[in-house]
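Report on the structure given below.
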Amino acid sequence: MIEQVLMNLVLNARDAMPKGGKLIIATTATTVAEGGAALPGDAHPGRYACLSVRDTGTGIAPEVLPRIFEPFFTTKDVGKGSGLGLASIVGIVKQHKGWIGVDNHPGEGVTFRIYFPALAMPVQKPPQILDPAQFIGGTETFLFVEDDVTVSKLTCLLLKRAGYEVLLAAMAGKRSNFGRNIGTKWLCF
């Protein structure tokens, strides 16, 4: 869902900078105090993780700004946008008990700040990275089926390096340029 939020904001920023510009994505931890800035809707004071996406594009026209989160509202040409990008972001953010702030500077760009409640969990240690050498020497045989030659070649190579025998299924009527024909199967080498 975060990927969808970022993708929508980044695509909008790209469209707002047709001649180029700067796109800045940042995360910060912040605390919203009681009695501080007015909080929208169901927002509460507390600790938040803030994701900000800032561009140096055209900004948002003041008359358009109040409508940007409405479903199906778009300023883009027909066929260029559905008007669901920012509306879907609102849904995702609300689903995670957060809110969105917008700092708009027409002609200079816009910053979207998305606040998600911070978890009160202790930071967990990252998982231990295992030594790939521990997995070398497999005795299994893989039958690998893939129609993308590049993916087939790489996967076959990696599995062979790990000590596995790999049988690569060939596409009908095609000959692999990285294996040898062994009857009706292809064996990677």
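The values are calculated or read from the model by the stated rules, or taken from the named source; none is laboratory data. What you see is a predicted model; the values in this text were computed from it and never measured. With ideal geometry, Cβ positions are generated from the backbone for all residues, glycine too; neighbour counts draw on all protein chains shown.
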Only one of (1) surrounded by 10 or more Cβ atoms within 10 Å (Cβ to Cβ); (2) farther than 18 Å from residue 64 by Cα; (3) modelled with pLDDT under 90; (4) of a type outside the set (Lys, Arg) fails for residue 134. Which number is that?
(1)
Can you tell me how many residues within region 93-127 are of a type in the set (Gly, Ala, Ser), closer than 21 Å to residue 23 by Cα and not in a strand (DSSP E or B)?
1
Does any residue in region 6-30 that is at pLDDT below 90 come within less than 6 Å, Cβ to Cβ, of a residue that is of a type in the set (S, T, N, Q) six or more places away or on a different chain, and which pairs are these?
16/58
